[in-house]
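One structure below.
The values are calculated or read from the model by the stated rules, or taken from the named source; none is laboratory data. Model, not experiment: these values are computed from the prediction. Every residue, glycine among them, receives a Cβ derived from its backbone with ideal geometry; neighbour counts consider all protein chains shown. Heads up: the accessible areas ignore ligands, DNA and RNA and are worked out on the full protein's heavy atoms, side chains in. Shrake-Rupley method; radii C 1.70, N 1.55, O 1.52, S 1.80 Å.
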Amino acid sequence: MNRLLFLLALTPLNAQAAPAPCASPPPLAEPWTSWPQSGATTAGASASTAPRLILGKPLTATLRPAPQIQFAVPPGKTMPKSYAGLFTLSVKDQARIGIALSDAAWIDAATGTTALISVDHGHGPDCSGIPKIVWFDLPPGLHTIQIASAAKPTIRIMAADARANQPQPR
């Protein structure tokens, strides 16, 4: 028996090849087309010091040690020796908004001191660098976006309106 057939015979049937690495990521579709752009900020320690997220504008944020954060609502998940930070997001009309992150962390949204329930979660397109997106139906107004339980002190964050990938009426 030749060597290749012998190796195939020894390979378990349920073994799968590892996915091919992303040599050059494809262009992203709406609403994530601007994800590769740059911008930087330091996350706030309180709602009053939180920087504003602008829909469609990604930021690389420096987070703070979690004990320094005055959360608007208790985070849904806490992890010892982790990083956290606060941002604000203003929406004019009710919208389904996705909060995308470059790394694992917990995402909460709040209006004042009322926690908002997420409506969906997932990840971005393959090879996009977006491993986590949490979606919220946000009413008009100013909201606090909380990041908690991040393992690293920096994270990329972007807010996007789900309507951005819908065909626009003429």
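A few notes on this one:
- For region 46-55, a tally of residues being among the aliphatic types (A, V, I, L, M), surrounded by fewer than 19 Cβ atoms within 10 Å (Cβ to Cβ) and under 19 Å from A115 (Cβ atoms) returns 0.
- Taken over region 77-110, the criterion of being more than 14 Å from A159 (Cβ to Cβ), open to solvent by 10 Å² or more (accessible area, probe 1.4 Å) and in a strand (DSSP E or B) is satisfied by Y83, W106.
- All positions within region 117-143 that are more than 10 Å from the chain's Cα centre (by Cα), more than 15 Å from A95 (Cα to Cα) and not small (G, A, S): P125, D126, C127
- Counted residues, region 56-76 - those being open to solvent by 70 Å² or more (accessible area, probe 1.4 Å) and under 15 Å from the mean Cα position of the chain (by Cα): 1
- For region 111-131, filtering for residues that are crowded, with 20+ Cβ neighbours inside 10 Å and not small (G, A, S) leaves 1.
- For region 144-160, the set of residues classified as farther than 15 Å from A45 by Cα and crowded, with 21+ Cβ neighbours inside 10 Å consists of I155, I157, M158, A159, A160, listed by residue number.
- First in region 110-130 and of a type in the set (D, E, K, R), second anywhere and modelled with pLDDT of 90 or more, Cβ under 7 Å, 6 or more apart: D120/W135
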